[in-house]
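To start, the structure under review is shown below, and the notes come after it.
The values are calculated or read from the model by the stated rules, or taken from the named source; none is laboratory data. Bear in mind the structure is a predicted one, so any value in this text is a computation, not a measurement. Glycine gets a Cβ as well: all are built from the backbone with ideal geometry, and neighbour counts include every protein chain shown.
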Amino acid sequence: MEIIRLTLEDCHLLATRFAEYGNSHLRFEEAIAAMDQPDATLARLRALRRRECHFSIDLGTLYHRYQHRDDPGLHPLERSILDSIARWHHDLEGQAELWVLVDYVRLVRELIDEKHTERFEPASNG
């Protein structure tokens, strides 16, 4: 099983990118460069983007939705899906990491794609 391990710092960067920059990695990178942030922050943001491209997963949106999985208006099925594709885990030093279970993300995506490509075919009576 493929897992994307996100540190608390990664999650903070993704949440900031989503909330303050409309989830645009380019706008966020420009802002970080303009704020004269440490090179490590920009490098970390770029590493996250490479992971997103490699796995074809929008981690900013996924993390945003995961953060709000306990909102009262969220459908129980969506909450269940979010809990199945990502979960908090503690590494050997006790540091919290969000594990994104890539195989489950792909499975959910396949189910959604299958539903969107299905055509209603009336049953024949003969």
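Numbers below:
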| item | result |
| --- | --- |
| Subset of the stretch 79-104 [part of a helix (DSSP H, G or I) and touching a residue at least 12 places away in the same chain (Cβ under 8 Å)] | Ile81, Leu82, Asp83, Ser84, Ile85, Val102, Asp103, Tyr104 |
| Residues satisfying the stated conditions in the stretch 11-31, i.e. among the charged types (D, E, K, R) and touching a helix residue (DSSP H, G or I) at 6+ places or on another chain (Cβ under 7 Å) | Arg17, Arg27, Glu29 |
| Given (1) surrounded by 13 or more Cβ atoms within 10 Å (Cβ to Cβ); (2) touching a strand residue (DSSP E or B) at 6+ places or on another chain (Cβ under 6 Å), index of the condition Thr16 fails | (2) |
| The one condition in (1) farther than 13 Å from Val108 by Cα; (2) among the small types (Gly, Ala, Ser); (3) part of a helix (DSSP H, G or I) that Gly73 fails to fulfil | (3) |
| Test: residue in the stretch 63-79 that is surrounded by 15 or more Cβ atoms within 10 Å (Cβ to Cβ) and in contact with a strand residue (DSSP E or B) (Cβ under 8 Å, 6 or more places away or on another chain) | yes |
| Residue within the stretch 58-68 that is in a loop (DSSP other than H, G, I, E, B) and within 21 Å of Leu98 (Cα to Cα) present | yes |
| Residue that is surrounded by 13 or more Cβ atoms within 10 Å (Cβ to Cβ), of a type outside the set (Asp, Glu) and at pLDDT below 95, where the choices are Arg106, Arg87 | Arg106 |
| Matching residues in the stretch 22-43 - criterion: being buried (at least 17 other Cβ atoms within 10 Å of the Cβ) and more than 16 Å from the chain's Cα centre (by Cα) | Phe28, Glu29, Ile32 |
